[in-house]
Amino acid sequence: MLQRLYIHNFKSFQNFELKTEGMHSSLLVGKNGVGKSSIAKALQVLQGIGRGVNRVGQLVSPRHFFMAQTGSPMRFELEVLLQGKLYRYSLALELPEKFKELRVLEERLELDGQPVFVREQAQVSLRKTREITGDALFMMDWHLIALPLIQVQSEIDPVHIFKTWLGQIVVIAPMPQLMTGESAEESLWPISNASNAVDWLAGLLGQYPAAYTVIDTYLKEVMPDLRDFKYESLGKESKRLVVQFQGENQFLPLYFDELSDGEKCFFLCAIIAAANRAYGPIFCFWDEPDNYLSLAEVGHFILYLRRAFEVQGQIMMTTHNEEAIRKFSNENTWLLGRKSHLEPTQLRLLGDLPSGSDVVQSLMLGELEL
């Protein structure tokens with residue numbers, strides 16, 4: 001479970017700290033431009049590291065510095081509780097004069113306060129373990145991040161456990177019109193626009209067949225005439241998702257492409273819930289999950305997502321929808337704000353802000369300020 005996210009000198013963030021300890025679900029609200037989607041961008045930097053991207057220039061660029069303040073390092077820090085142990089990862093990046101690409105200044109992974117590896121500029125020190133009798137020292141290109149490149153000793157290696165959790169972070173702002181029904185490969189890593197949702201479903205069912213029950217149960221709640229869904233072969237390496245509906249003495253098969261945008265989001269919701277149960281804990285950031293849904297469907301959709309993460313994992317959402325806001329409490333809803341594009345993003349829990357009798361109404365009217 002994510003305990004803390006710290007971002008400094010990246011996009012709209014300066015000394016930005018988000019503490020989510022004990023929150024299996026939380027909500028970010030605020031006006032457009034305050035930095036909600038920028039949190040997703042920061043998470044994608046860390047997610048990319050977990051998925052093996054090691055070149056700094058593939059993750060961030062000089063234009064990502066806050067107000068072009070290249071004289072101060074860009075920093076990312078995570079504190080995550082996994083299997084009862086606290087992991088703390090920090091990464092500092094710098095841009096020296098006349099450099100076109102950022103390079104690593106510092107990098108560090110700790111487990112329960114003890115260093116797993118420490119990196120300063122080009123030198124990496126891998127601290128001794130049962131497999132390693134002394135500190136292992138080696139040099140690394142300044143433009144490469146160490147975490148993806150460190151060879152793990154086993155599945156219980158702290159580097160493996162943390163890197164796996166990072167890689168499984170789900171950061172999405174779905175575009176259903178890009179979610180096609182054909183799958184040429186299987187994946188457990190959805191991309192940000194969820195265009196590979198059908199690949200993700202295929203990978204999930206391929207490795208965890210029991211996930212079908214979770215997905216089928218939810219889809220029949222929101223689409224009562226659903227009979228089932230299946231893949232049909234299109235050739236040696238390609239297949240197509242077919243969704244089948246039924247009524248009295250009637251049967252209608254539809255290709256996934258023919259579903260509405262909202263129905264595709266129902267599938268995505270079910271896949272996320274099933275994946276968290278199958279191979280979680282997963283941290284999921286969903287930017288405006290109420291998009292493409294009717295007003296009557298928003299409340300049930302949000303509550304299902306929250307309940308899907310009650311036992312393990314975490315989900316964080318953003319919204320401008322009044323019904324979605326009402327499905328959270330003031331104790332897990334964060335208000336983000338900034339006075340102008342020249343100022344950094346700030347945040348506070350709604351529960352810490354003075355408000356009238358109707359917090360949601362105050363939000364809608366723009367009456368709540370940090």
>> What are the pairs with Cβ atoms under 7 angstrom where one residue, in the range 55-73, is under 25 Å from residue 148 (Cα atoms) and the other, located anywhere, is of a type in the set (Phe, Trp, Tyr) and crowded, with 18+ Cβ neighbours inside 10 Å? Sequence gap at least six, or different chains.
In response: 64/10
> Out of (1) in contact (Cβ under 8 Å) with a residue 40 or more places away in the chain; (2) closer than 26 Å to residue 137 by Cα; (3) among the hydrophobic types (A, V, I, L, M, F, W, C); (4) touching a Leu at 6+ places or on another chain (Cβ under 7 Å), the odd one out for residue 95 is which?
Replying inline: (1)
> Could you give every pair whose Cβ atoms fall below 8 Å, whose first residue belongs to the range 16-29 and is surrounded by fewer than 18 Cβ atoms within 10 Å (Cβ to Cβ), and whose second residue is modelled with pLDDT of 95 or more and not hydrophobic (A, V, I, L, M, F, W, C), counting only separations of at least 6 or pairs across chains?
Replying inline: 17/4; 17/6; 19/3; 19/4; 21/3; 21/4
>> If I filter the range 222-233 for residues that are surrounded by 13 or more Cβ atoms within 10 Å (Cβ to Cβ), touching a Cys at 6+ places or on another chain (Cβ under 9 Å) and over 17 Å from residue 197 (Cα atoms), do I get at least one hit?
In response: yes
> Only one of 256, 267, 229 is of a type outside the set (Asp, Glu) and closer than 13 Å to residue 304 by Cα; which?
Replying inline: 267
> Considering 165, 200, which residue is in contact (Cβ under 8 Å) with a residue 24 or more places away in the chain, crowded, with 16+ Cβ neighbours inside 10 Å and in contact with a strand residue (DSSP E or B) (Cβ under 8 Å, 6 or more places away or on another chain)?
Replying inline: 165
>> Being over 24 Å from residue 14 (Cα atoms) and modelled with pLDDT of 95 or more narrows it down to one residue among 278, 324; which is it?
In response: 278
> Within the range 131-244, which helices (runs of 4 or more DSSP H) (wholly inside it) include 1 or more residues that are at pLDDT 95 or above and among the acidic types (Asp, Glu)?
Replying inline: 197-207, 211-222
> Is it fair to say residue 63 is surrounded by fewer than 19 Cβ atoms within 10 Å (Cβ to Cβ), outside any strand (DSSP E or B) and of a type in the set (Lys, Arg)?
Replying inline: yes
> Filter the range 274-315 for residues that are without any contact (Cβ under 8 Å) to a residue 60 or more places away in the chain and charged (D, E, K, R); which is surrounded by the most Cβ atoms within 10 Å (Cβ to Cβ)?
Replying inline: 290
> Which of the residues belonging to the range 316-332 are assigned to a helix (DSSP H, G or I) and surrounded by 16 or more Cβ atoms within 10 Å (Cβ to Cβ)?
Replying inline: 323, 324, 325
>> Given (1) free of Cβ contacts under 8 Å to residues at least 12 places away in the same chain; (2) β-branched (Val, Ile, Thr); (3) crowded, with 17+ Cβ neighbours inside 10 Å, identify the lone condition not met by residue 213.
In response: (3)
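The values are calculated or read from the model by the stated rules, or taken from the named source; none is laboratory data. Because the structure is predicted, anything quoted here is derived from the model rather than measured. Please note: Cβ atoms are built from the backbone with ideal geometry, for glycine as well, and neighbour counts cover all protein chains shown.
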